[in-house]
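Just below is one structure, and these are the notes that go with it.
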Amino acid sequence: MITPDTRLRFILLSVGLLLLVPLVAMQFTDEVNWNLFDFVVMGGLLLGTGLLCELILRRFKSLQSRIIICGIVLFIFFLVWAELAVGIFGTPFAGS
């Protein structure tokens with residue numbers, strides 16, 4: 001069984017590794033053009049989503065509740081990510 005401390009380390013490591021993807025891509029192409037603010041926002045979004053899912057795993061004992069609530073959190077994460085990336089809803093936060 002995975003302990004909460006191990007999951008927390010995994011979340012932190014995953015956020016760092018995911019943020020390395022655009023950093024490495026910026027070295028090879030001009031298509032990826034992130035600044036420090038982009039890394040901070042995405043890091044916060046990834047970390048917040050991971051920690052919120054960790055909180056859900058700690059608070060809810062039913063597997064069905066865990067899956068449904070984490071699914072909702074991930075759905076909201078993907079909507080915010082898409083809005084920040086391409087502006088699918090046309091809010092002032094859109095990246096375009």
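The values are calculated or read from the model by the stated rules, or taken from the named source; none is laboratory data. The structure displayed is predicted, hence computed values, not measured ones. For neighbour counting, all protein chains shown are included, and Cβ atoms are generated from backbone atoms with ideal geometry for every residue, glycine included. To get the accessible areas, we keep the full protein, side chains included, count just its heavy atoms, and leave off ligands, DNA and RNA. Shrake-Rupley method; radii C 1.70, N 1.55, O 1.52, S 1.80 Å.
Of note:
- Taking Glu83, Glu54, Glu31 in turn, the Gaussian network model of the chain (Cα-Cα springs below 10 Å) assigns the largest fluctuation to Glu31.
- Dipole axis of the chain (+1 Lys, Arg; -1 Asp, Glu on Cβ), positive-most option in Leu19, Leu8, Ala94: Leu8
- Where Trp81, Trp34 fall by accessible area, highest first, once all protein chains stay in place (1.4 Å): Trp81, Trp34
- GNM result for the chain, Cα springs below 10 Å: residue of Phe37, Phe28, Phe60 fluctuating most strongly: Phe28
- About its Cα centre, the chain has a charge dipole of approximately 660 debye under the convention of +1 per Lys or Arg Cβ and -1 per Asp or Glu Cβ, with nothing else charged.
- Radius of gyration and maximum dimension Dmax of segment 8-96, Cα, Å: 15.0, 46
- Each helix, a run of at least 4 DSSP H residues, gives -39500 (n - 2.57); summed and divided by the residues of the chain, these come to -27000 deg cm²/dmol at 222 nm.
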